[in-house]
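These notes are about the structure you will find just below.
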Amino acid sequence: MSWRSAYTMRRLAAPAALAAVIGLSIASAARAQNGGAGGDTGKPADRAADEKAIRANAEKFLAAFRGADPKAVAAAWTDDGEYINDEGVAIRGRAAIEKAYFELFKSGKPKEVTLKIDEVRFLSRDTAVEDGTFTIAGNNPQEVLVSRYSALHARENGGWRLAMMREWAAEPAAQGNPLTQLSWLVGKWSAKGEQVELSLSYTWLDEGHNFLENRFKVSEGGKPKAAGVQIIGRDPETGLLRSWTFDSRGTVAAASWTFDKGRWLIESTNSSPDGEIVEATNLLIPGNADSFTWQSLVVAENAALAGVKPIKVVRVK
């Protein structure tokens, strides 16, 4: 699950989580808006001027990115600047970075970027390090990337530039609440088959948006068949998403949710009223903001029982 995969960044010559640079630039801008969080080498006036110069470079970078101008974006780096992704693959040199951005802009740009700055410190008069966490959202609400970064700023020819930036995937605890990746589900949904009709209603269970509640009803031939409630939330122990489902037939289910290759993989263990344990692998495949596809393969006693045909679910306007 990531903005990088959605934009096929890993297909570049150097798999480019270059999106991280977006967060880096906004980091500088946010730092400036917050009055700066940098360290002090004993010359506060110099540090304030340096912060202002780094901020100006960030603003130029952001304007270039919004305009999909790879040459102007690469200008934020030193001539021999280097980017290293979470797999240890490096893109070296302004020309290579410009080429990577050229490929990136073929696919579009992210919809939203948010940032949490942990620390900014100056190592010398001409170098500064910035550490933090950023989140990048793609054009679809399901595409979210949370990463950690550390960037080295260097003064070159009288101006500040990015000299090196390293990025890696954030640990689950640092990623915040992954439930935000499912916020697009809030609302009412319906699906119809030949005989079966399904209605879903997703709402936030609490003001802090720590849990999603899904109340569902199933009818067959126009007659109610089952109803229930599902709670989806972040497991504090692992930082990953889990759900718990209870229906009117007495079935209880627990599942883990992971996002991979543009779809949600939901591994569920269901306990029926008579004590039978049924395992199911479910796929929730986002279509757009108003539709998704659901497919399930149910297994009991190590034998496949039924591969349910894909069901299209649409938002009730």
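The number of residues in region 229-252 being of a type in the set (Gly, Ala, Ser) and within 16 Å of Thr269 (Cα to Cα) comes to 2.
Residues in region 266-278 that are surrounded by 16 or more Cβ atoms within 10 Å (Cβ to Cβ) and farther than 19 Å from Phe216 by Cα: Val278 alone. Residues that are closer than 21 Å to Ala154 by Cβ and under 25 Å from the mean Cα position of the chain (by Cα) within region 77-107 comprise Glu82, Tyr83, Ile84, Asn85, Ala90, Ile91, Ile97, Glu98, Ala100, Tyr101, listed in sequence order. Of the strands (runs of 3 or more DSSP E) lying entirely inside region 142-254, those containing at least 3 residues that are buried (at least 16 other Cβ atoms within 10 Å of the Cβ) and outside the structural domain of Ile285 (by TED's automatic domain parsing) span 144-156, 159-169. Within region 64-89, the residues that satisfy the criterion of being surrounded by 14 or more Cβ atoms within 10 Å (Cβ to Cβ) and small (Gly, Ala, Ser) are Ala64, Ala68, Ala72, Ala74, Ala75, Ala76, Gly81. Applying a threshold of 9 Å to beta carbon distances and a minimum spacing of six or more residues, or different chains, the list of pairs starting in region 52-80 at a residue that is under 14 Å from Gly93 (Cβ atoms) and in the same structural domain as Met164 (by TED's automatic domain parsing) and ending at one that is among the hydroxyl-bearing types (Ser, Thr, Tyr) and not in a helix (DSSP H, G or I) reads Trp77/Tyr83. Only one entry of Asn288, Asn270 meets the criterion of being under 18 Å from the mean Cα position of the chain (by Cα), assigned by TED's automatic domain parsing to the domain that holds Thr203, at negative phi and not hydrophobic (A, V, I, L, M, F, W, C), and that entry is Asn288. Residues of region 36-58 that are farther than 14 Å from Leu162 by Cβ, modelled with pLDDT under 75 and out of contact with any strand residue (DSSP E or B) (no Cβ under 8 Å at 6 or more places or on another chain): Gly42, Lys43, Pro44, Ala45, Asp46. Mind checking whether some residue in region 194-207 is of a type in the set (A, V, I, L, M) and over 23 Å from Ser291 (Cβ atoms)? So far as region 194-207 goes, yes, one or more of its residues are of a type in the set (A, V, I, L, M) and over 23 Å from Ser291 (Cβ atoms). Applying the set (1) within 29 Å of Lys52 (Cα to Cα); (2) at pLDDT 80 or above to Val186 leaves exactly one unmet item: (1).
Note on region 250-267: residues that are at negative phi and at pLDDT below 90 amount to 7.
Here's the yes/no breakdown for (1) assigned to a strand (DSSP E or B); (2) at pLDDT 80 or above; (3) polar (S, T, N, Q):
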| position | (1), (2), (3) |
| --- | --- |
| Glu279 | yes, yes, no |
| Asn282 | yes, yes, yes |
| Pro286 | yes, yes, no |
| Val299 | yes, no, no |
| Pro310 | yes, yes, no |
| Val313 | yes, yes, no |
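The values are calculated or read from the model by the stated rules, or taken from the named source; none is laboratory data. Just so it is clear, the structure is predicted and the values come from calculations on it, not from any experiment. All Cβ positions, even for glycine, are placed from backbone atoms using ideal geometry, and neighbour counts span all protein chains on display.
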